Amino acid sequence: MTSVKGKAVFESVKDILEHYTEYEVREDSSLMGDLRLSSFDLAAIVAEFEDRFSITVDDRDIVNLVTVQDVIDYLEKKTR
């Protein structure tokens, strides 16, 4: 079950991702597979996550962000 904070994070993530893809953004969507995002898209998206959530995403962490749920979990952990 997704927490209230998780739902708010999902809505923020979805809002950002919808600017880069024409596909439906769901928690189980694969960023590069289902949403067909390029590595250039991901770089821009990570920059938006950093701005929106006032965090810094380590380059080594980006490879672990495979699905939208991975992003949500990561952002929840970084914003605790």
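The values are calculated or read from the model by the stated rules, or taken from the named source; none is laboratory data. This one's a predicted model, so the numbers in the text were calculated from it and none came from an experiment. Because the Cβ atoms are built from the backbone with ideal geometry, glycine has one as well, and the counts that use them run over all protein chains shown. Accessible surface is based on the protein model in full, side chains and every heavy atom, while ligands, DNA and RNA are left aside. Shrake-Rupley method; radii C 1.70, N 1.55, O 1.52, S 1.80 Å.
Considering the range 1-26 alone, what residues qualify as being at pLDDT 95 or above and in a loop (DSSP other than H, G, I, E, B)? The answer is Glu18, His19, Tyr20, Thr21, Glu22, Tyr23, Glu24, Val25, Arg26.
If you check Arg52 against the conditions, is it over 14 Å from Glu18 (Cα atoms), open to solvent by 60 Å² or more (accessible area, probe 1.4 Å), part of a helix (DSSP H, G or I) and touching a Ser or Thr at 6+ places or on another chain (Cβ under 9 Å)? Steps first, please.
Details: over 14 Å from Glu18 (Cα atoms): yes; open to solvent by 60 Å² or more (accessible area, probe 1.4 Å): yes; part of a helix (DSSP H, G or I): yes; touching a Ser or Thr at 6+ places or on another chain (Cβ under 9 Å): yes.
Against the criterion (over 14 Å from Glu18 (Cα atoms), open to solvent by 60 Å² or more (accessible area, probe 1.4 Å), part of a helix (DSSP H, G or I) and touching a Ser or Thr at 6+ places or on another chain (Cβ under 9 Å)), Arg52 qualifies.
Residues that are open to solvent by 60 Å² or more (accessible area, probe 1.4 Å), without any contact (Cβ under 8 Å) to a residue 24 or more places away in the chain and part of a helix (DSSP H, G or I) were ranked within the range 55-80; the one that is nearest to Val13 (Cα to Cα) is Asp73.
Take the range 27-62 and flag every residue that is within 18 Å of Lys77 (Cα to Cα), modelled with pLDDT of 95 or more and among the aromatic types (Phe, Trp, Tyr). Of everything in the range 27-62, just one residue is within 18 Å of Lys77 (Cα to Cα), modelled with pLDDT of 95 or more and among the aromatic types (Phe, Trp, Tyr), namely Phe49. Here Asp41 passes the criteria (1) under 11 Å from the mean Cα position of the chain (by Cα); (2) surrounded by 14 or more Cβ atoms within 10 Å (Cβ to Cβ); (3) not in a loop (DSSP other than H, G, I, E, B) except the one numbered (1). Please determine whether any residue of the range 24-34 is free of Cβ contacts under 8 Å to residues at least 24 places away in the same chain and of a type in the set (Ser, Thr, Tyr). Looking through the range 24-34, none of the residues is free of Cβ contacts under 8 Å to residues at least 24 places away in the same chain and of a type in the set (Ser, Thr, Tyr). Quick one: is Arg36 open to solvent by 30 Å² or more (accessible area, probe 1.4 Å) and at negative phi? No: the conditions fail for Arg36.
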